[in-house]
1. So which of 31, 102 is touching a strand residue (DSSP E or B) at 6+ places or on another chain (Cβ under 9 Å), more than 28 Å from residue 153 (Cβ to Cβ), open to solvent by 20 Å² or more (accessible area, probe 1.4 Å) and among the aromatic types (Phe, Trp, Tyr)?
2. Kindly establish whether residue 96 is in contact with a helix residue (DSSP H, G or I) (Cβ under 7 Å, 6 or more places away or on another chain), within 17 Å of residue 347 (Cβ to Cβ) and of a type in the set (Asp, Glu).
3. Can you name the residue in segment 155-170 that is open to solvent by less than 10 Å² (accessible area, probe 1.4 Å) and among the small types (Gly, Ala, Ser) and is also nearest to residue 142 (Cα to Cα) among such residues?
4. Only helices (runs of 4 or more DSSP H) wholly contained in segment 214-290 count here; list those with 2 or more residues that are closer than 30 Å to residue 46 by Cβ.
5. Quick one: in segment 171-202, which of the residues that are over 25 Å from residue 288 (Cβ atoms) and open to solvent by less than 10 Å² (accessible area, probe 1.4 Å) is farthest from the ligand (Cβ to nearest atom)?
6. Hey, among 69, 55, 62, which residue is closer than 23 Å to residue 184 by Cα, in the same structural domain as residue 178 (by TED's automatic domain parsing) and in contact with a Pro (Cβ under 9 Å, 6 or more places away or on another chain)?
7. Hey, among 136, 149, which residue is closer than 22 Å to residue 249 by Cβ and open to solvent by 20 Å² or more (accessible area, probe 1.4 Å)?
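The values are calculated or read from the model by the stated rules, or taken from the named source; none is laboratory data. No experiment lies behind these values; they were computed from the predicted model shown. Cβ placement follows ideal geometry from the backbone for every residue including glycine, while neighbour counts extend to all protein chains displayed. Remember, those area values only see protein heavy atoms, side chains included, never the ligands or the DNA or RNA. Shrake-Rupley method; radii C 1.70, N 1.55, O 1.52, S 1.80 Å.
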Amino acid sequence: MKFGTKAIHAGVAPDPSTGAIMTPIFQTSTYVQESPAKHKGYAYARGANPTRNALQASIAALENGRFGLCFSSGMGATDAVIKLLNPGDEVITTSDIYGGSYRMFTKVYEKYGIGFHFVDMTDVANIKPLLNAKTRLLWVETPSNPLMRVTDIGACCALAKTVGAMVAVDNTFASPYLQNPLDLGADIVMHSVTKYLGGHSDVVMGALVTNNEKIHQELAFIANSCGAVPGPQDSFLVLRGIKTLHLRMERHCFNGRKVAEYLRKHPKVGHVYWPGFEDHHNHAIAKKQMRDFGGMLSFTLKDDSTAKAVLLMESVQLFSLAESLGGVESLINHPASMTHASIPKAERVKNGLTDSLIRLSVGVEDAEDLLDDLAQALEKV
Ligand SMILES: *Cc1c(COP(=O)(O)O)cnc(C)c1O
């Protein structure tokens, strides 16, 4: 099946008892059994729920994976991956990683004796010197948030193999429509389902997909033991959102390109970070591993002051000033004080995430209206 057909049909089937074409919301915490040792595959809803199962099968199919698991947030999913590790194990990850991941790795897990190395993974040569017998995991985020840096997933997988480490890819920014890390050799794909998969800014959820049955069993054990599972209503909303994922992504990509090209030509704009530009640092790799370049981009103003950036964010009318991304509506964000405020300033600035950086999640409105809105806001700064 091709992607758009999978988005609509994979993992779901008409309800056998009624013929309902939409997966029912099984709003139940427990299931009646015939006898203590006999049930229909469902005993208690932390372990399994039919609405959630359908969603897990759908997301797994979109990532060309055999096994999917959903969590109550993207961070819940990431947490489950780190729980595969033991004290003394080491993780190598990207230096401009999502702020919440950085916070979890350094503030929650370092104290349990897991070591984290943050490097610029856009040059895979930086990874090699850190690889050793203790390396258990490479945590890759590409394109990265918010600087849209691109890491070569296949090259990371080849390096990880040399020491027997796993590779997990945070595929939130690309969505399965643009990039399938398992096909490039990754062991685990993670999604903040909250973003493009849900797509309507109404659900917080996470997901993990793998082809490795042993890893899946361990993750499922962690999900059931630790309990960060999503409810059936949210699972239904995401199943519904996924049915238009391919249509939404097509428009996100179209609008993303329009906005990136417009901003790049604007006399008041400094640098535009978007992997679709031929002079983007890793454009060739982006072209190789992604099908298009998406609707996420960041930029600075030529007048590189926080005050001007803030004025622009207060001047837009159609773009909403908000955290998060990947919904149908366009959002504008100030990473330094919002999504990435949990990273210490010195660390942030060292990685290029300056106070004046502005991030856009370009939605699926009409592109002309989005450009008009940016034009009137840029006039005011
Ligand atoms: C939002 C986000 C997360 C965290 O997901 P939640 O659903 O908010 O817990 C992780 N990685 C990236 C790249 C994100 O954008």
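1. After applying the criteria, what remains is 31.
2. Working: in contact with a helix residue (DSSP H, G or I) (Cβ under 7 Å, 6 or more places away or on another chain): no; within 17 Å of residue 347 (Cβ to Cβ): yes; of a type in the set (Asp, Glu): yes.
Considered against the rule, which asks whether it is in contact with a helix residue (DSSP H, G or I) (Cβ under 7 Å, 6 or more places away or on another chain), within 17 Å of residue 347 (Cβ to Cβ) and of a type in the set (Asp, Glu), residue 96 comes out as no.
3. It comes out as 168.
4. 232-242
5. If we take residues in segment 171-202 being over 25 Å from residue 288 (Cβ atoms) and open to solvent by less than 10 Å² (accessible area, probe 1.4 Å), then 199 is farthest from the ligand (Cβ to nearest atom).
6. Working: 69 fails: in contact with a Pro (Cβ under 9 Å, 6 or more places away or on another chain); 55 fails: closer than 23 Å to residue 184 by Cα.
Criteria check complete, one pass: 62.
7. So the residue among 136, 149 that is closer than 22 Å to residue 249 by Cβ and open to solvent by 20 Å² or more (accessible area, probe 1.4 Å) is 149.
Listed here are the residues, each with its yes/no results for (1) closer than 20 Å to residue 225 by Cα; (2) in a helix (DSSP H, G or I); (3) more than 16 Å from the ligand (Cβ to nearest atom).
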{"residue": "33", "(1), (2), (3)": "no, no, yes"}
{"residue": "41", "(1), (2), (3)": "yes, no, yes"}
{"residue": "48", "(1), (2), (3)": "yes, no, yes"}
{"residue": "59", "(1), (2), (3)": "no, yes, no"}
{"residue": "70", "(1), (2), (3)": "yes, no, no"}
{"residue": "75", "(1), (2), (3)": "yes, yes, no"}
{"residue": "80", "(1), (2), (3)": "yes, yes, no"}
{"residue": "86", "(1), (2), (3)": "yes, no, yes"}
{"residue": "109", "(1), (2), (3)": "yes, yes, no"}
